[in-house]
């Protein structure tokens with residue numbers, strides 16, 4: 001329920017007060033501020049669909065082989081329209097909701113930068129739902145460094161750092177927090193250009209602060225100290241900087 005203070009300000013969570021209900025709704029659509037969840041949308045029987053320009057038919061994609069498997073999904077090498085190599089991501093059953101998967105696609109559609117993995121479209125007309133992105137033949141940066149790190153020159157290592165910095169600076173300029181920056185979530189193309197990927201935890205923020213819901217999972221190794229605060233986990237562009245460092 002929406003509460004009201006003696007000063008006629010509205011709130012759902014402590015320390016987050018607003019002069020009007022529309023402002024309250026707009027804020028909590030992007031930030032749970034310690035509540036169980038964000039305000040996704042008004043109650044409705046409508047299914048959350050993507051814009052037609054992003055929709056692809058499942059019949060357009062041929063799956064060739066597995067590339068990797070993570071906590072939330074499986075990625076396959078695929079062929080789009082019989083001629084383009086693509087990466088095809090599918091969610092594991094029960095790992096995340098359809099809304100969360102679609103939200104990741106919607107986030108990727110808003111972000112267009114040469115150092116971010118590009119989304120080509122989504123197959124959402126039938127199950128399973130696919131995210132179709134550009135294929136990065138050298139895989140994730142973590143595996144690449146383990147296999148070829150000793151072969152790289154200092155300048156090449158600096159270029160890798162620059163690529164990731166370039167991508168993250170763009171995200172911050174668009175008021176997005178990645179929240180899961182790690183070498184495993186950066187991909188390497190055939191020219192050794194590194195691009196940031198995996199936007200499942202990325203959030204748009206109005207005030208450079210995202211307070212996650214209770215019980216939210218996050219990567220321990222790469223997280224800033226403030227993320228470990230008792231009761232709530234707080235993320236900002238500064239926590240992304242910590243993960244990079």
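Regarding region 59-75, can at least one residue be identified that is over 17 Å from the mean Cα position of the chain (by Cα), assigned to a helix (DSSP H, G or I), at pLDDT below 75 and surrounded by 14 or more Cβ atoms within 10 Å (Cβ to Cβ)?
No, the conditions are met nowhere in region 59-75.
Please verify whether residue 180 is surrounded by fewer than 18 Cβ atoms within 10 Å (Cβ to Cβ) and either at pLDDT 90 or above or touching a helix residue (DSSP H, G or I) at 6+ places or on another chain (Cβ under 9 Å) (or both), treating the condition exactly as stated.
So residue 180 does not fit the description; no.
Return the total of residues in region 152-177 being under 17 Å from the mean Cα position of the chain (by Cα), surrounded by 12 or more Cβ atoms within 10 Å (Cβ to Cβ) and in a helix (DSSP H, G or I).
Qualifying residue count for the region: 9.
Out of curiosity, is residue 186 outside the structural domain of residue 105 (by TED's automatic domain parsing), within 24 Å of residue 85 (Cβ to Cβ) and either at pLDDT 90 or above or touching a helix residue (DSSP H, G or I) at 6+ places or on another chain (Cβ under 6 Å) (or both)?
yes
How about region 188-206: which of its residues are at negative phi and over 14 Å from the mean Cα position of the chain (by Cα)?
Passing the criteria: 188, 189, 190, 191, 193, 194, 206.
Within region 193-221, work out how many residues are in contact with a helix residue (DSSP H, G or I) (Cβ under 7 Å, 6 or more places away or on another chain), at pLDDT 70 or above and in a loop (DSSP other than H, G, I, E, B).
9
Select from region 88-147 the residues that are out of contact with any helix residue (DSSP H, G or I) (no Cβ under 6 Å at 6 or more places or on another chain), outside any loop (DSSP other than H, G, I, E, B) and over 26 Å from residue 170 (Cβ atoms) and list them in ascending order.
Answer for region 88-147, where residues must be out of contact with any helix residue (DSSP H, G or I) (no Cβ under 6 Å at 6 or more places or on another chain), outside any loop (DSSP other than H, G, I, E, B) and over 26 Å from residue 170 (Cβ atoms): 90, 98, 146, 147.
The values are calculated or read from the model by the stated rules, or taken from the named source; none is laboratory data. Keep in mind that what you see is a predicted model, and the values were worked out from it rather than measured. Glycine also receives a Cβ, built like all others from the backbone with ideal geometry; neighbour counts cover every protein chain displayed.
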